[in-house]
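Asks: If you scroll down you'll find the structure; I have some questions about it.
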Amino acid sequence: MRHGDKINNLSRTTAHRKALMSNLANALIINKRIITTLAKAKALRIFIEPLITKTKKNETREQIMHNHRLVYSQLQNKETVKELFTVIGPKVVSRPGGYTRIIKLGRRLGDNAETALIELVDFNEVYTKGTEKAATATKRTRRAGGRKKTEAKAEPQEEKVSEPTEVASEKAASETEGEKTSEE
């Protein structure tokens with residue numbers, strides 16, 4: 001029985017599973033999104049979120065070096081560690097967790113395995129642009145005082161606009177009458 005066993009072994013030995021997670025994490029950090037099976041995506045989320053959290057906790061020089069070494073021991077790739085600490089870390093400082101998003105894509109044709117897209121949340125332009133616009137567009141007050149001021153400003157403008165339109169319509173009417181007489 002597997003009571004309390006929370007690790008998905010993915011039908012692999014320990015060394016193979018660690019190498020797989022390291023390779024998937026490297027690919028995710030470099031490309032910001034990858035497509036894999038749903039089981040691997042869920043296992044990768046458990047593997048990579050603590051590593052991203054380590055990039056945020058940098059208070060002293062010793063802590064920075066210690067966190068670099070801890071992350072490097074898991075990823076085994078200098079370029080990926082540098083990308084994680086210089087690009088991804090500063091972007092997720094304000095986020096309290098949940099750095100990845102898993103989107104189910106359906107079943108694969110060859111073996112009918114469930115596939116999923118796993119991506120870093122802060123690097124998806126489609127979602128981040130929409131939330132910034134929505135945040136700025138929804139800033140409204142419920143006070144009616146702002147509406148009264150805009151209505152008061154709008155009324156004099158309407159009166160000024162209506163006078164030239166009447167003059168313009170009279171000119172247009174006189175021009176059409178002049179055209180009719182010239183045609184006859």
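The values are calculated or read from the model by the stated rules, or taken from the named source; none is laboratory data. Small disclaimer: the values here were computed from a predicted structure and weren't measured. Here the Cβ positions follow ideal geometry from the backbone for every residue, glycine too, while neighbour counts run over all protein chains shown.
Asks: Within the stretch 27-79, track down each residue that is more than 21 Å from the chain's Cα centre (by Cα), modelled with pLDDT of 95 or more and not in a helix (DSSP H, G or I).
Replies: 37, 76, 77
Asks: How do the pairs read when you match residues in the stretch 81-109 that are under 19 Å from residue 65 (Cβ atoms) with residues anywhere that are part of a strand (DSSP E or B) and of a type outside the set (Phe, Trp, Tyr), using Cβ under 7 Å and keeping only pairs 6 or more apart or on different chains?
Replies: These pairs meet every condition: 88/120.
Asks: If you scan the stretch 43-83, which residues turn out to be surrounded by 15 or more Cβ atoms within 10 Å (Cβ to Cβ) and either within 13 Å of residue 100 (Cβ to Cβ) or touching a strand residue (DSSP E or B) at 6+ places or on another chain (Cβ under 6 Å) (or both)?
Replies: Scanning the stretch 43-83 gives 43, 44, 45, 47, 48, 51, 52, 53.
Asks: Keeping to the stretch 65-80, report how many residues are without any contact (Cβ under 8 Å) to a residue 40 or more places away in the chain, within 16 Å of residue 53 (Cβ to Cβ) and touching a helix residue (DSSP H, G or I) at 6+ places or on another chain (Cβ under 8 Å).
Replies: Residues flagged as without any contact (Cβ under 8 Å) to a residue 40 or more places away in the chain, within 16 Å of residue 53 (Cβ to Cβ) and touching a helix residue (DSSP H, G or I) at 6+ places or on another chain (Cβ under 8 Å) within the stretch 65-80 amount to 5.
Asks: If you go through the stretch 80-132 one residue at a time, how many are on the phi > 0 side of the Ramachandran plot and either part of a loop (DSSP other than H, G, I, E, B) or within 14 Å of the chain's Cα centre (by Cα) (or both)? Show your work before the answer.
Replies: Applying the first criterion (on the phi > 0 side of the Ramachandran plot) to the stretch 80-132 yields 97-98, 106, 112.
Restricting the remaining residues to those that are either part of a loop (DSSP other than H, G, I, E, B) or within 14 Å of the chain's Cα centre (by Cα) (or both) gives 97-98, 112.
Within the stretch 80-132, residues that are on the phi > 0 side of the Ramachandran plot and either part of a loop (DSSP other than H, G, I, E, B) or within 14 Å of the chain's Cα centre (by Cα) (or both) number 3.
Asks: Now for a separate question. Can you tell me which residue within the stretch 1-26, out of those that are loosely packed, with under 10 Cβ neighbours inside 10 Å and among the charged types (D, E, K, R), is farthest from the chain's Cα centre (by Cα)?
Replies: 2
Asks: In addition: Regarding the stretch 114-121, can at least one residue be identified that is free of Cβ contacts under 8 Å to residues at least 60 places away in the same chain and touching a Leu at 6+ places or on another chain (Cβ under 7 Å)?
Replies: Filtering the stretch 114-121 for residues free of Cβ contacts under 8 Å to residues at least 60 places away in the same chain gives 121.
From what is left, the residues that are touching a Leu at 6+ places or on another chain (Cβ under 7 Å) are none.
The answer is no; no qualifying residue exists.
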